[in-house]
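The structure under discussion appears below in the form of structure tokens.
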Amino acid sequence: MAKHLNNLNLNKNELQNAVIQNLATAPASPVAGQVYFDTVEAALKVWNGTMWEASALSGVTATAAEINILSGTNVSATELNYVDGVTSAIQTQINAKAPSANASFTGTFSAPTGTITSAMIADGTIVDGDISSSAAIADSKLATISTAGKVSNSATTATATAGNSTIVARDASGNFAAGTITASLSGNASTASTLATARAIELSGDVTGTANFDGSSAINITTTIAANSVALGTDTTGSYVGSLVAGTGVSISNNTGEGATPTIAIGQAVSTSSDVTFANMIVSGNLTVQGTTTSIDSATLSIADNVITLNSDVATGSPTENAGIEVRRGASPTVALRWNETTDKWQTTNDGTTYYDVITTNSQVAITEAAIITAVGADGAAGAVLSTNGSGDLSFVTSVPVANGGTGATTASGARTNLGLAIGSDVQAYNATLAAVANSTYTGDDAITTVGTITAGTWNGTAIAVANGGTGATTAATARANLGATTKVSASVGNGSATSIVVTHSLNTRDLQVQLFETASPYAQVFTDVELTTVDTLTLTFSQAPSSNQYRVVIVG
């Protein structure tokens, strides 16, 4: 169902064949002037700002004069029909219309003048307050009183010391004089030596015991405390341990029951002579390992220290032991880097047996041309370079291969070919026109159509026509129009306070289609006032401020 979010102005045109909303119950949160048709009371109702009022007295048969009698009241159509024909004060109407005989009314009734006969009085309706104290009622009119409490002492001649065959009255202390009284008495005696029947006094619960008491002397009760009836901490004082809780990696057995002996274990022996295994262990302090061998079987060893100290036990005296790092290589020979204490040099080995000195900046190696020629075995031609074949053999070559950082050629053309830079196939030969284009100095026509130049991102030529593959425009809006294209802009609107919201679309036109939808289910289309404020903005106007992002506006132009 479409929703209008602002007032709907029909500009004084008729709203024809319209039906007001039919509801069995009134709408929630109404506003002044809101209307609906009550299908229960068959009445058109209007909210006056405080309550719903029926716009017409549907079904009421009373006249206008009769209704004016009830001015200021709030009654339904059914209640109004009850007073059909009332033309004056209600009391006057009752006096005129109600019969005198057998009439029944609630509240104060003003009867018409005349005599009230006994036939007009219902039995039991006259109470004591209705009889005057000066009324002289003959004894013959009084029936025998048989109900207790109906006769006061002041109506008799009874006293506390009345004689035989007379009514006796108690004195101010509640006492009276009498001879032998034969009756079953109840109450408390002033004194007694013992109980007529001894009573057993018993204790029950966690403490039990019993003793008989007849009132002649005090009694002692021997008690027994029930098993497991004393609650530690509640019925006792001092500290106690109720149970042990196993921590991470710890198990506890025999932990419950009176007299239990708990056993705490971590799954392995941890004495000073035991071999202990842990899955993961973090040592937050210093770790000192004393022994002859420390083995690390982990696949990855990470060390934060940037210096590894070997032979740390050699603190004084002359060193005698070599030190280094070996790399095991399975079936292949072990390789190593070591410090030779005999020669005081770093050495390496590729076969685990033969060690070669590592050349450093402090090493002095004398190499002469003759020594090189001797090592190679023959002198090379002028300009030749010394090269190795990768197996340790040296030789003089006329060109260095591309794989070794050379060109593999002795001519410029060969070098370009080997490097993939052959002119004409791999790269373009120098061309003055291309150089001028590259330097932005090209003028004229040399197999290229001049349409303008681009300088610092600005097109200085004329617009390329659509027929020539261009847009025929210098702005995006004109380009879209020339190409027959449209652009869609959408945004969520509403902040809970603004009733006028400006939306910037930057389409540079007022030729727009604007639609508004709810952003929550059922995502229905809604309507409100739209003003095309500028060519780049429009204004949405609401009668009530939308909540945060309540609606989505879609603009096509």
Of those in the range 164-205 that are under 60 Å from the mean Cα position of the chain (by Cα) and in a loop (DSSP other than H, G, I, E, B), the residue surrounded by the fewest Cβ atoms within 10 Å (Cβ to Cβ) is 205
For the range 26-51, how many residues meet the condition of being over 25 Å from residue 544 (Cα atoms) and β-branched (Val, Ile, Thr)?
-> 2
How many residues does the range 219-268 contain that are under 22 Å from residue 204 (Cα atoms) and part of a loop (DSSP other than H, G, I, E, B)?
-> 15
In this structure, is residue 499 among the hydroxyl-bearing types (Ser, Thr, Tyr), in contact (Cβ under 8 Å) with a residue 24 or more places away in the chain and within 19 Å of residue 3 (Cα to Cα)?
-> yes
Answer yes if at least one residue in the range 13-29 is surrounded by fewer than 12 Cβ atoms within 10 Å (Cβ to Cβ), modelled with pLDDT of 90 or more and outside any loop (DSSP other than H, G, I, E, B), and no otherwise.
-> yes
Checked 503, 535 against criteria (in a strand (DSSP E or B) and over 31 Å from the mean Cα position of the chain (by Cα)); the one match is 503
Name the one entry in 280, 228, 255 that is surrounded by fewer than 10 Cβ atoms within 10 Å (Cβ to Cβ) and under 48 Å from the mean Cα position of the chain (by Cα).
-> 280
Test: residue 62 is modelled with pLDDT of 85 or more and in a loop (DSSP other than H, G, I, E, B) | no
Members of the range 30-58 found to be closer than 22 Å to residue 7 by Cβ, at pLDDT 90 or above and of a type in the set (Ser, Thr, Tyr), listed by number = 36
How many residues does the range 283-306 contain that are more than 22 Å from residue 328 (Cα to Cα) and within 52 Å of the chain's Cα centre (by Cα)?
-> 9
Kindly indicate whether any position in the range 513-532 is part of a loop (DSSP other than H, G, I, E, B), touching an Asp or Glu at 6+ places or on another chain (Cβ under 7 Å), of a type outside the set (D, E, K, R) and exposed (fewer than 14 other Cβ atoms within 10 Å of the Cβ).
-> yes
Can you run down the residue pairs with Cβ atoms below 6 Å, 6 or more apart or on separate chains, where the first is in the range 308-331 and surrounded by 10 or more Cβ atoms within 10 Å (Cβ to Cβ) and assigned to a strand (DSSP E or B) and the partner is at pLDDT below 90 and not aromatic (Phe, Trp, Tyr)?
-> 323/310; 323/311
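The values are calculated or read from the model by the stated rules, or taken from the named source; none is laboratory data. Fair warning: this is a prediction, and the values are worked out from it, not measured in the lab. Neighbour counts are summed over all protein chains in view; Cβ atoms, including those assigned to glycine, are modelled from backbone coordinates with ideal geometry.
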